[in-house]
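The values are calculated or read from the model by the stated rules, or taken from the named source; none is laboratory data. Bear in mind the structure is a predicted one, so any value in this text is a computation, not a measurement. Positions of Cβ are backbone-derived with ideal geometry, glycine not excepted, and every protein chain shown enters the neighbour counts.
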Amino acid sequence: MNEIEANSNGDFVISGELSFTTTSHIYRQGCHLIKATDSPVFDLKRVTSSDNSGPALLAAWTRFAKTLSKTLCFVNLPRQLLAMLKLTNLQQLLPIVINSESEHG
């Protein structure tokens, strides 16, 4: 099951699969969190797999945050998702923090 929950740092950890069937629910959850948080951080370390809906979700959240004049970022992206972002050149457009955990899985 896909969900977003806050961790002890206040970051929002996304878990499960990012696919065509799951992203609309996750998108709505994320939008509520973006509205309620000054500078949300989405941690993707528990994402198990992603199709092309994953990059679209991150782009949509980024666009939504900009409409609210908020800054967000994405951390700990799985290798598969990071590769899709690189392939589509979205990695340069999205607020992604690359660190030692970002290329897991």
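Pairs are defined by a Cβ separation below 8 Å, a sequence spacing of at least 6 or placement on different chains, a first member in region 39-50 that is farther than 12 Å from residue 75 by Cβ and surrounded by 19 or more Cβ atoms within 10 Å (Cβ to Cβ), and a second member that is acidic (Asp, Glu) and modelled with pLDDT under 95; the pairs so defined are 50/17.
For region 87-100, filtered to residues that are of a type outside the set (A, V, I, L, M) and touching a Leu at 6+ places or on another chain (Cβ under 7 Å), the residue that is farthest from residue 26 (Cα to Cα) is 91. Taking the numbered list (1) within 24 Å of residue 9 (Cβ to Cβ); (2) touching a helix residue (DSSP H, G or I) at 6+ places or on another chain (Cβ under 6 Å); (3) surrounded by 20 or more Cβ atoms within 10 Å (Cβ to Cβ) in turn, residue 55 passes all entries but (1).
Considering only residues that are aliphatic (A, V, I, L, M) and within 17 Å of residue 32 (Cα to Cα), which ones fall in region 1-16? Within region 1-16, 4, 6, 13, 14 meet the criteria. Counting the residues of region 41-86 that are among the basic types (Lys, Arg), out of contact with any Pro (no Cβ under 9 Å at 6 or more places or on another chain) and under 13 Å from residue 30 (Cβ atoms) gives 1.
The set of residues from region 36-58 being of a type in the set (S, T, N, Q) and in contact with a Cys (Cβ under 9 Å, 6 or more places away or on another chain) comprises just one member, 39.
Going through (1) touching a residue at least 60 places away in the same chain (Cβ under 8 Å); (2) more than 22 Å from residue 98 (Cβ to Cβ); (3) not β-branched (Val, Ile, Thr) one by one, residue 18 falls short only on (2).
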